[in-house]
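Remarks on the structure that follows.
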Amino acid sequence: MAYNLEKFSDNDLYNLLSNGGKESEFAFLEIYRRYSGRIYAYCKRFLGNKEDAMDVFQDTFVRFYHSSKEVRQMSNLSAFLLRIAKNLCLNYLRQKKQSLEVEDYMSHIDIENQNDTNEMLKLIHDAINQLPDDYREIFILREYQGMSYNEIAQHLNISLSLVKVRLFRAKEKLREILAPVISELSKF
């Protein structure tokens, strides 16, 4: 028997999931339906690779499911899922220990013959990956997830002014990292 849970609040769905009854599977599927696209997009932006993002994305929902068996009050399901995804992305990057420098790409890419936008996007992605974790996260939440400053502050449990400062510094750092590429392109 299928349950129609579309009109249930996130908190109601989480409570159904936590109770472990027969409707918990349907509650999980509804939560997945609501948030899977957003969580996958977050992981993809954070990691920049579809396969890596899919692995972390799946782990996020596995961790979420297992954590629902713990007794806890859920006040913001979306933020909780994003926090799990963020932590898993950071762990994945630490384990992979792959921090490529933009300069390394410069020696492999012939800018004069570059007509492929994907190469430029790869450079930008690599520049984003060079940002400190707290700057990168705020940049991704703002620029790719479209969250407002207030939403970011609430999600990260930091002040609004700190969000603004970190976002400003993230953009400054990106300009600094990409300056050699932009300088090289401006010659053409």
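The values are calculated or read from the model by the stated rules, or taken from the named source; none is laboratory data. Here the structure is a predicted model, which is why all the values come from computation and not from measurement. We place every Cβ from the backbone using ideal geometry, glycine too, and count neighbours over all the protein chains shown.
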* Tell me, please, whether a residue that is aromatic (Phe, Trp, Tyr) and more than 24 Å from the chain's Cα centre (by Cα) can be found in the range 7-23. => yes
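Residues checked against (1) assigned to a helix (DSSP H, G or I); (2) outside the structural domain of CYS89 (by TED's automatic domain parsing); (3) within 30 Å of SER36 (Cβ to Cβ):
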{"residue": "ASP134", "(1), (2), (3)": "yes, yes, yes"}
{"residue": "ARG142", "(1), (2), (3)": "yes, yes, yes"}
{"residue": "GLY146", "(1), (2), (3)": "no, yes, yes"}
{"residue": "ALA153", "(1), (2), (3)": "yes, yes, yes"}
{"residue": "LEU167", "(1), (2), (3)": "yes, yes, yes"}
{"residue": "ALA170", "(1), (2), (3)": "yes, yes, yes"}
{"residue": "LEU178", "(1), (2), (3)": "yes, yes, no"}
* Asked: Consider ILE109 against the criteria (1) at pLDDT 85 or above; (2) surrounded by 15 or more Cβ atoms within 10 Å (Cβ to Cβ); (3) out of contact with any His (no Cβ under 8 Å at 6 or more places or on another chain): it satisfies all of them except one. Which criterion is unmet?
  -> (1)
* Structure fact -> Picked from the range 140-154 (must be more than 10 Å from the chain's Cα centre (by Cα) and in contact (Cβ under 8 Å) with a residue 24 or more places away in the chain), the residue surrounded by the most Cβ atoms within 10 Å (Cβ to Cβ) is ARG142
* Asked: Do any helices (runs of 4 or more DSSP H) lying entirely in the range 1-83 carry at least 2 residues that are farther than 28 Å from SER148 by Cα and among the charged types (D, E, K, R), and which ones are they?
  -> none
